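The values are calculated or read from the model by the stated rules, or taken from the named source; none is laboratory data. It should be emphasised that the depicted structure is a prediction, and the values quoted were computed from it without experimental measurement. Note that each Cβ is placed from the backbone with ideal geometry, even for glycine, and that neighbours are counted across all protein chains shown. Keep in mind that these areas ignore ligands, DNA and RNA; they rest on the heavy atoms of the full protein, side chains included. Shrake-Rupley method; radii C 1.70, N 1.55, O 1.52, S 1.80 Å.
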Amino acid sequence: QVQLVESGGGLVQAGGSLRLSCATSGRTNYVMGWFRQAPGKEREFVAAIDWNGRSTDYADSVKGRYTISRDNAKYTVFLQMNSLRPEDTAVYYCAASQSLVISRVSSLYQYWGRGTQVTVSS
């Protein structure tokens, strides 16, 4: 059983930055992803990284502003968010997948954290 705990969310002004962390337990060779859900909207893919960090994928809406990375020695995955916009406001979830390749499909992720709130003010 993998447990995921997100941290680093908060309130920031537009144009600012935040760094989310996801502490994992157990194995480190999972594909890891970040998803987000804004009020009244469906959960959407944000970014994903393969187990060794060599392959990443980003939603078009965050490409060039967000960076996903991982430190397997510390069992932690990060999401650096720069140039934040009010539309980035959402609960951000960390997820782990046993798949061999990264994916944007939430149903392919077996383990989920409880989420961390990110609020961007205009």
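So here's what we get for this one:
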{"quantity": "Hits in region 8-35 (condition: part of a strand (DSSP E or B), more than 19 Å from residue 58 (Cα to Cα) and open to solvent by 60 Å² or more (accessible area, probe 1.4 Å))", "calculated": "11, 13"}
{"quantity": "Selection status of residue 85, touching a Leu at 6+ places or on another chain (Cβ under 9 Å) and either among the β-branched types (Val, Ile, Thr) or farther than 11 Å from residue 34 by Cβ (or both)", "calculated": "no"}
{"quantity": "Some residue of region 73-82 being farther than 22 Å from residue 1 by Cβ, touching a Lys or Arg at 6+ places or on another chain (Cβ under 6 Å) and polar (S, T, N, Q)", "calculated": "yes"}
{"quantity": "Subset of region 45-82 that is part of a loop (DSSP other than H, G, I, E, B) and more than 26 Å from residue 15 (Cβ to Cβ) - its residue that is most open to solvent (accessible area, probe 1.4 Å)", "calculated": "54"}
